[in-house]
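Below you'll find the structure, written out as structure tokens, and then a few comments.
The values are calculated or read from the model by the stated rules, or taken from the named source; none is laboratory data. Everything numeric in this text was worked out from a predicted model, so none of it was measured. Because the Cβ atoms are built from the backbone with ideal geometry, glycine has one as well, and the counts that use them run over all protein chains shown. SASA here: full protein model, heavy atoms, side chains in, ligands and nucleic acids out. Shrake-Rupley method; radii C 1.70, N 1.55, O 1.52, S 1.80 Å.
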Amino acid sequence: MIGKRARFPQSGGKRKHAFCHQPPNLLPLSSPLPPMEQERAQPAAKRARLSPPPQPLAAGAGPEDRLSALDDATLHAILARVPLRDAATTAALSRRWPRVFATLPRLVLCPATFNRRGFPDEDDEDRCEDPGRWMDALRRVLDRRAAPVAALEIDSRFMRLHCNWFSKVFRDFFCNGGLLELSIANTDYTDTEGCALPSAVYACTALTSLDLYNCWLRMPSKLTGLRALRSLRLRNVTATDADLVRLIRRGSAMEHLEIHDVHKARSITIHAPCLKKLDIYSYRPLCISAKKAPPLDMVRLSLSYGLPEHSWSLHDTDDTGRQDADHEMEEVLDLKKMAEREHKHTDEIRNMMSFLCGLTSTKELRLHLSTEYCEVVSMSKAWKLKSLPMKSYLLGLNSLSLVLDHNHEVLSTLVSCLLNSSPNLKDLRITELRHPGSPVPLAAEFWEEQINAGGFLNHLSRVTYYIDSLFDGHHCGGICKFLVMNARVLKKMSIEYHHSQARPEHAAMLEAARREVHLWPRASADVLVELTPVDQLPFF
């Protein structure tokens, strides 16, 4: 969206909506809004006239009004950074300002937008004082528009109550061809079904960016719009496999796709020939495959299977359609048991293979596999492949970031498979994930057996290894030592640890670790190996 994008909660529990940041100190709605009362707008479909340039002041006429001397585009950029209700009050400045407000290209509408100034929010900035007042104010804002809205961010909690009116509003937006960016968020968490996306959205031909939060996708049988989509962001949405595939495939020009928690769907096939960035987060098993290897600049996959009672929903099982006895239905509604059943019936290794085999042209890959994922993947059959099939090699991969327990039996084989299948890899980052009961760190000899002598070892130039602890058996040997001994053009091996381990009482152990590192044999005479304290681990 235009301007600073709001950040939504990720999953689970009672979530506080952060759709926009309007403060509650707004003008009372009992008096007319200044910009709408001073000037009637032209029809939205017409091109907006630029406001007349300010005339130079005569000698002795008073101080110069430098703010009003700015052009419309600059004033729009300024007003876009203040709450909508405060932007409306600028219409009282002069006869030019009502048109400046009425032609704002971006509207941000959250529940608190039209509250009275001074209305107590009680630490809930999303509380609407009066839904009737909110709807009346929104009608007046839209009725007095003097130009099409280019970008709209709206909280959808009033859409179900006024569905017919909102459907007409969206049809008007899309018919004039001005709306390019749309963000709809449903922050009513008592709404278990989610907000259905207005049908008019599926017919929009000009929309280039669509951002949906806590919505339900129901694709029409005949899809006429959305071909111009370049960015699609789906968070906490509910959709079937078929609807997701149709939506993604429809955006043939799509460059950015983000899927963050999708309910109901189990398998997603991505047909997007122009896709540059793919970002997927899932709280449950999900099979993802990309067809015809789009030229991806960056791919990020994060799988975190903890706390199913906060992230799973009834839409995530096919069992809810059965007519069961009460005691059987209670078992179906137990989200933790639902997750356990799904984990047992899912082949995570096959899912990961399907995902990796579609990334042959990807330049940067980031994988975050939680410790809970380790437990689920252990239920699958053992990973036997040392590399991907030759035709699925990640030939374009230059940068690989791994956040996982690489000493885990299955994941260590996955790491070997990735490295053996990335012959042109230059930059490798590994963040160690360990938890109580983690296996003993694997020695360099293990990696010597698993990793091929050629391939990426002829191109790897930089390695960054973030270690949880240098002491207590969490030594930095293993894969780091192997890479220093075998990477022929390696320039830098940086082993980073938390600064709390650099206390005086740790000095002797830290010095011993440094001596050990500097004694490692080196395949490259130019390699720099260093131990570096950091304040925090990198953000994935």
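Miscellaneous remarks
- Whole-Hz ³J(HN,Hα) from phi, Karplus 6.51 cos²θ - 1.76 cosθ + 1.60, for the stretch 529-534, glycine and proline x: 10, 9, 9, 10, x, 10
- Where labels lie 7 Å past Cα in the beta-carbon direction, separation of Glu445 and Asp468 in nm: 2.5 nm
- If only the Cβ of Lys and Arg carry +1 and only the Cβ of Asp and Glu carry -1, the dipole of the stretch 350-488 around its Cα centre is close to 620 debye.
- The stretch 482-540 - charge dipole about Cα centre, Lys and Arg +1 at Cβ, Asp and Glu -1, debye rounded to 20: 260 debye
- Note on the stretch 481-538: dipole from Cβ charges, positive end direction compared against Ser494, Leu483, Ala512; the farthest Cα belongs to Leu483.
- Note that the stretch 130-237 presents 38 Å² accessible area per residue, ligands and nucleic acids not counted, probe 1.4 Å.
- Residues Leu223 and Met390, FRET efficiency given R0 of 41 Å [Cβ-Cβ distance, rounded to 0.05]: 0.60
- Heavy-atom accessible area order for His518, His271, His408, His459, largest first, 1.4 Å probe: His518, His459, His271, His408
- Label-point separation, Leu528 to Arg350 (7 Å along Cα→Cβ), nm: 4.9 nm
- Pairs beyond 28 Å (Cα-Cα), from Lys264/Lys381; Lys277/Lys336; Lys363/Lys481; Lys381/Lys426; Lys222/Lys292: Lys277/Lys336; Lys381/Lys426
- Of the solvent-accessible surface of the stretch 396-540, computed with a 1.4 Å probe and all protein chains present, 54% belongs to carbon and sulfur.
- Both radii come from the Cα set of the stretch 141-274: Rg as radius of gyration, Rh as Kirkwood radius; their ratio Rg/Rh reads 0.95.
- Once backbone amide H atoms are built at 1.01 Å from N, Trp216 has Cys195, Ala196, Leu197, Thr238 as its partners under 5 Å, excluding neighbours fewer than 5 places away on the same chain.
- Pair-distance distribution P(r) for the stretch 489-540, from all Cα-Cα distances in 5 Å bins starting at 0: 4, 17, 24, 21, 16, 13, 4, 0 percent.
- Computed over the alpha-carbon atoms, the stretch 350-439 gives an Rg to Rh ratio of 0.95, Rh here being the Kirkwood radius from the mean inverse distance.
- Per residue, in Å², the accessible surface of the stretch 405-515 once ligands and nucleic acids are set aside, probe 1.4 Å: 41 Å²
- Ordered from largest to smallest accessible area (heavy atoms of protein chains, 1.4 Å probe), the residues Glu372, Glu516, Glu409 come out as Glu409, Glu516, Glu372.
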